[in-house]
Amino acid sequence: MPGRPARAEKGHAEPGVQRCINPACGAAYSLHERIYVCPRCGETLEIDCGLARRANGSALRKLWGSHPVLRTASKDLRETSGVWRYLELLPFEANAPFVTLFEGNTPFFDAPRSAEYCGLAALRLKHQGYSPTGSFKDTGMATAITQAVISGARTAVCASTGNTAASLAAYAARAGLQAAILLPRGQVSSSKLAQSLDYGALVLEIDGNFDACMRLVQEIGDDPSIYVANSINPFRIEGQKTVAFEIVEQCNWRVPDQVVVPGGNMGNSTALGKGFQELLDLGLIDRLPKLNVIQAEGAAPLARLFAALDSKTRSDAIPEKLEPVENPQTLATAIKIGAPVSWKKSLRAVLRSGGQIISVSEQEIADAKAMIGRDSIGCEPASATTVAGIKKLVATGHIRQHDDVVAVLTGHALKDPDYMIRYHEGTLSFASGAKEDPRQAQPLAGAFRNAPQRVAATKAAILSKLERPR
Ligand code: F0G
């Protein structure tokens, strides 16, 4: 295991507590308690790191700026992990058994073609697909699996649409824990499934969707040998919130006007909201970026709830219940989720920031994805909801042409090559939805289609296909 980062300050007390998010309860629990919801009222938890007490914003900014990113066999975690370099803002002691695979420190791209497509002057893409297992899950898995080791668990489990599974499988293997993964059979891209198998996880496929897997994980999570690594676990959120810190650093400490993320189980938007809020509380930024969450139309329970909120009374008052989508449908399988577990925390963060939660169609997702490809960047389908959503939010005036906009791409393009090939060949459709709704059997129009072309094996035939000077 690489060496340990030094803390910026001395003499701190406990690095935090787990707190119930229900304002009427507010119960606090030790970090050592292996709980995922409040034992008193059943609401979700979040970690209060007591930052106001133990962190000094300007000292931290200097410390973070003084460490180059090396990604070598350096013994200093600050130079290898984009998560552990922010240790002062995380609920861990300096001598924790840190688990890492060089997560974080992901690139920030200019995307001029996507910007123009959306009607923006400029657009930047924070690409979390450039992570050890190719998705944004790795930052949260570094912290969750470290906590699993601290808590003495034997097996880490998760429900997954594929990426959490691949990430858990990798981090558990690194930490010497068993990984057990519950997947909705036939609904996970083969690339993601292959990763979990290769990292040695126990892969359990059930006949049911992600929401059914999630319910099962919550049921088995009370076994003392088991550690639940889904984003309902507040330690996952802690690692994922570091993306907000990276974004602000990469923007040279100028807060973007708008940050846009896909929404599935709502852990990512929760984490980004928490990260920005902590920077604000520490005085490191002077305002929150508007946080916008984009769901796929067929799996959009929170966008539906958001649209129904009275805009005049939109405030911190979070509704008690979310009406789940019973049979969520989208070709962006990563976000095929009807009952997101972190919806309250996510909604709270969006409302505080003044952002929006909307949904986009399958066609909009597919075309936005191809456009991100044309920018030489690429991403998996779920990530492309961001660009599709920005285009829509520009059209409705919620995002202005000259706003400083950052979209978070959550997964690498190679996570779902089958989707890409079918889009470019013009055969992308809901194969299984056809019986219920014949319209869904129609392939989506590939506005930016680029199908492979068959060509005779001769020089002349090949040259005839190329752009050539006249
Ligand atoms: N994008 C990708 C590529 C994802 O894999 C996910 C979620 C999301 C976006 C949505 O993020 O759930 O935090 O709102 N994937 C989970 C999984 C559900 O099991 O891999 P969220």
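For this structure, a couple of remarks:
- Largest to smallest accessible area among R348, R185, R19 [probe 1.4 Å]: R185, R19, R348
- Taking the inverse of the mean reciprocal distance over all distinct Cα pairs, the Kirkwood hydrodynamic radius of the stretch 26-76 comes to 14.6 Å.
- Taking a ≥ b ≥ c as the square roots of the eigenvalues of the Cα gyration tensor, the stretch 133-273 is classed as prolate, since a/c reaches at least 1.5 and a/b is larger than b/c.
- Relative contact order of the chain: 15 percent, from C-alpha pairs under 8 Å at least 6 residues apart in sequence.
- Calculated over the stretch 53-195: convex hull of Cα atoms, volume per residue (Å³): 168 Å³
- Listed peptides 455-464, 386-395 appear in the order 386-395, 455-464 once ranked by packing, highest mean of other Cβ atoms within 10 Å at the front.
- One quarter of the convex hull surface built on the alpha carbon atoms of the stretch 339-464 amounts to 11.6 nm², the projected area averaged over directions.
- Average accessible area per residue (Å²) across the chain - probe 1.4 Å, nucleic acids and ligands excluded: 42 Å²
- With all protein chains modelled, accessible area of E425 [1.4 Å, Å²]: 80 Å²
- Principal axis dimensions, largest first and in whole angstrom, of the stretch 273-429 by Cα: 47, 36, 27
- Distant alpha-carbon pairs in the stretch 372-435 (separation over 18 angstrom), percent: 48 percent
- Relative intensity, log₁₀ I(q)/I(0), of the chain from a Debye sum that treats every alpha carbon as a point, q = 0.13 Å⁻¹: -1.21
- Loop-resident trypsin sites (Lys or Arg not before Pro) (DSSP state other than H, G, I, E or B) in the stretch 204-279 with no more than 12 further Cβ atoms inside 10 Å of their Cβ: R254.
- Against the compact-protein benchmark of 2.2 N^0.38 Å, the Cα-based radius of gyration of the stretch 224-342 scales to 1.16.
- Whole-percent carbon and sulfur share, accessible surface of the chain, 1.4 Å: 51 percent
- Surface/4 of the Cα convex hull for the stretch 154-212, nm²: 3.4 nm²
- Rolling a 1.4 Å probe over the protein heavy atoms leaves K465 with an accessible area of roughly 110 Å².
The values are calculated or read from the model by the stated rules, or taken from the named source; none is laboratory data. For clarity, every value in this text was computed on a predicted model and none was experimentally measured. Here Cβ is always computed from backbone atoms with ideal geometry, including for glycine, and neighbour counts include all displayed protein chains. These area figures cover heavy atoms from the full protein model, side chains too; ligands, DNA and RNA do not enter into them. Shrake-Rupley method; radii C 1.70, N 1.55, O 1.52, S 1.80 Å.
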